[in-house]
Amino acid sequence: TKSHKTKKIYDHLISQRFVNDPNSYWVEKTGSNLETIKTLLPLHNSKYVDGKAKNIHFEIRTRILTTRSLESKYKKDLSENCKFCLTLNITVKEDVFHSIVECPRALALWDFLMPFFRNFGIPNHSDINKIFGIQTTKHKVLLNLVLQTAQKAIWFSRYKFEKKDKLEDATRLFTKYLSRQIFVIRKIVSEKVFLDIFENNGLVKLSRYK
């Protein structure tokens, strides 16, 4: 389709911009080297991830997410500082990295997910994984589904507070969104993995979906 072709062209242009820029945003923010960034640039576009999460992931990776840092460029009366952090008396610019990785809203969910990733032999999901996903494990389809669902939850938590002054916990949203994908999850992991990781470790309460 036309939109798919447009997205592919835009994706290519964005990739070239990163590749040709040794001081790219993600190198600076994640502390990764340029070669690592280049290997992670292709979008992990799994058929199992829902459309909204895919779009958010794409906007994060390409830095077109409508954060305050971006909006303030054309809304002159809007501060570029994170609205949530201001309630904690913290003044910090809200760019993509802050919103998805650094903000206390996001950190609470990433901390919640840490035991889940340890169960798959990933002791610490790094900042680069939180943005681009995980490419080198046999369970990468599942792990990237979880990562992109987390990104979606973090962004909608931010959106509800920013636009509606409604404080919604990102972890609660995450468990809600992941529960909706339970039938998909059961297709891509064995029953043992499902029980050990999801049911027994309490990542999300899924008993009613059996």
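The values are calculated or read from the model by the stated rules, or taken from the named source; none is laboratory data. Given the structure is predicted, the values throughout are model-derived calculations rather than measurements. Every residue, glycine as well, gets a Cβ built from its backbone with ideal geometry; the counts of neighbours run over all protein chains shown.
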Inset, instruction - Pull up the stretch 167-189, narrow it to residues that are aliphatic (A, V, I, L, M) and closer than 22 Å to K83 by Cβ, then point me to the one that is modelled with the lowest pLDDT. - result: L167
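Can K164 be described as loosely packed, with under 15 Cβ neighbours inside 10 Å, at pLDDT 80 or above and among the basic types (K, R)?
When the stated conditions are applied, K164 passes them.
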Inset, instruction - Evaluate the stretch 116-130: report whether one residue or more is closer than 18 Å to L147 by Cβ, touching a Pro at 6+ places or on another chain (Cβ under 9 Å) and either among the hydrophobic types (A, V, I, L, M, F, W, C) or modelled with pLDDT of 85 or more (or both). - result: yes
Legend entry - Test: residue in the stretch 98-106 that is of a type in the set (V, I, T) and closer than 21 Å to T30 by Cα: yes
Legend entry - Residues located in the stretch 110-142, provided they are part of a helix (DSSP H, G or I), surrounded by fewer than 21 Cβ atoms within 10 Å (Cβ to Cβ) and among the aliphatic types (A, V, I, L, M): L113, M114, I128, V141
Inset, instruction - Within the stretch 135-166, work out how many residues are touching a residue at least 60 places away in the same chain (Cβ under 8 Å) and not hydroxyl-bearing (S, T, Y). - result: 12
